[in-house]
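The values are calculated or read from the model by the stated rules, or taken from the named source; none is laboratory data. Computed from a predicted structure; not experimentally measured. All Cβ positions, even for glycine, are placed from backbone atoms using ideal geometry, and neighbour counts span all protein chains on display.
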Amino acid sequence: MAVRPIGTAEHMAFVRAQRSVSFLQAPAWARVKTEWRGESLGWFDGRRLVGAGLVLHRPVPRIDRRTLAYLPEGPVIDWSGELGAWLDPLAAYLKERGAFAIRLGPPVVTHTWSAAQVKEGLADPGRGRLTDLPCHREEPVGAQVSRTLREAGWLPRSPRDGFGVGHPQFKYELPLAGRTEDDLLRGMNQQWRRNIRKAAGAGVEVRIGTGAHDLKAFHDLYVHTAERDRFTPRPLRYFETMFAALGAEDPDRIRLYLAHHRGELAACAVLVRVGAHAVYAYGASATGKREVRGSHACQWAMIRDALTADCDVYDLRGITPTLSADDPHVGLVRFKAGIGGRAVRYVGEWDLPLRPVLYRAFDLYLKRRGR
């Protein structure tokens with residue numbers, strides 16, 4: 001196979017032909033990450049396009065024209081096949097054009113745990129981590145991909161707690177294929193069902209946001225949430241760019257959900273969808289409105305819309321693999337597990353040093369910055 005640049009239209013046509021692709025591999029994502037240089041690459045078997053990837057080139061201070069080539073949750077290739085045939089031409093192409101290393105995140109699952117297993121683990125003080133539990137399912141392709149990457153000289157980057165510089169290795173997902181709303185409600189725990197009913201009984205109304213005013217209202221609540229929960233919020237401009245870029249690519253790509261109670265904003269959430277993969281990307285909630293459960297109303301509205309759109313999965317994004325009651329992240333695991341579904345471990349992110357001296361210097365640079 002040969003790897004060469006492709007145009008945005010050709011890349012988007014390939015993405016549309018797939019059942020499911022991460023929104024981080026959609027061409028428009030390059031316009032969101034303005035501090036990186038985006039490039040669409042295609043894999044060709046003869047003249048036929050058989051794979052595609054969005055590469056984000058990260059420049060490095062004091063290293064002229066050399067970049068880290070990053071493919072978040074990609075590329076979109078046949079990961080069950082002979083990986084050398086896919087990744088060797090990618091490495092050759094990127095090295096020739098100045099990349100000192102490649103970082104990719106194969107969208108390949110290695111292990112899954114059911115909601116019931118997660119619940120049992122949370123109740124057992126002897127189980128500190130998801131990986132202490134027997135997995136519900138071990139995926140052979142995931143094990144094969146990890147083994148092949150390691151043997152080919154790729155270096156795993158995913159940290160032990162699941163969160164790092166890149167995208168999370170552990171996620172929580174709700175399968176939707178072949179299920180009804182009643183099926184999904186039965187799969188939730190009693191607290192989740194009660195909170196959905198409580199929001200409806202309190203008169204919480206969820207609508208789709210339109211225009212700059214709604215986006216500003218979301219961002220104000222998001223900043224409030226960041227202050228309460230002690231994380232660093234993204235600026236309004238980031239979300240303006242995100243909605244403009246993804247919305248221009250596909251009018252159904254991104255939606256803002258706003259839950260109001262008695263005329264006041266109680267919660268907001270952002271849903272991103274590519275094909276059959278729906279992602280809960282961002283959320284915010286008003287501290288003074290927690291009792292009306294606006295966040296649950298938003299979640300249920302997004303799940304129902306994903307089901308209507310024939311999605312296979314509703315992706316609640318990252319979790320840490322902790323089960324310990326003393327861990328500050330365990331509340332997030334407990335909240336997401338209440339929805340039913342499954343905890344999922346992916347292959348994680350891997351680096352291939354193309355120029356080892358520069359790669360070691362870059363790695364040291366990140367460590368000094370605490371990243």
- line: Note on the stretch 58-101: residues over 19 Å from the mean Cα position of the chain (by Cα) and under 18 Å from residue 33 (Cβ atoms) are 58, 59, 60, 61, 67, 68, 94, 99, 101
Sole exception among (1) part of a helix (DSSP H, G or I); (2) small (Gly, Ala, Ser); (3) touching a Cys at 6+ places or on another chain (Cβ under 9 Å) for residue 212, by number: (3)
query: Residues in the stretch 224-256 that are over 20 Å from the mean Cα position of the chain (by Cα), in contact (Cβ under 8 Å) with a residue 12 or more places away in the chain and surrounded by fewer than 16 Cβ atoms within 10 Å (Cβ to Cβ): how many?
result: 2
Any pair with Cβ under 7 angstrom, 6 or more apart, that starts in the stretch 65-89 at a residue that is among the acidic types (Asp, Glu) and ends at one that is modelled with pLDDT of 95 or more and crowded, with 20+ Cβ neighbours inside 10 Å: 73/22; 73/24; 73/25; 73/105; 73/107
- prompt: Considering 147, 157, 194, which residue is touching a Phe, Trp or Tyr at 6+ places or on another chain (Cβ under 9 Å) and either over 24 Å from residue 272 (Cα atoms) or not aromatic (Phe, Trp, Tyr) (or both)?
  reply: 157
query: Could you say which residue among 307, 354 is crowded, with 17+ Cβ neighbours inside 10 Å, touching a helix residue (DSSP H, G or I) at 6+ places or on another chain (Cβ under 9 Å) and not assigned by TED's automatic domain parsing to the domain that holds residue 184?
result: 354
query: Of all the residues that make up the stretch 260-288, how many are more than 25 Å from the chain's Cα centre (by Cα) and at negative phi?
result: 6
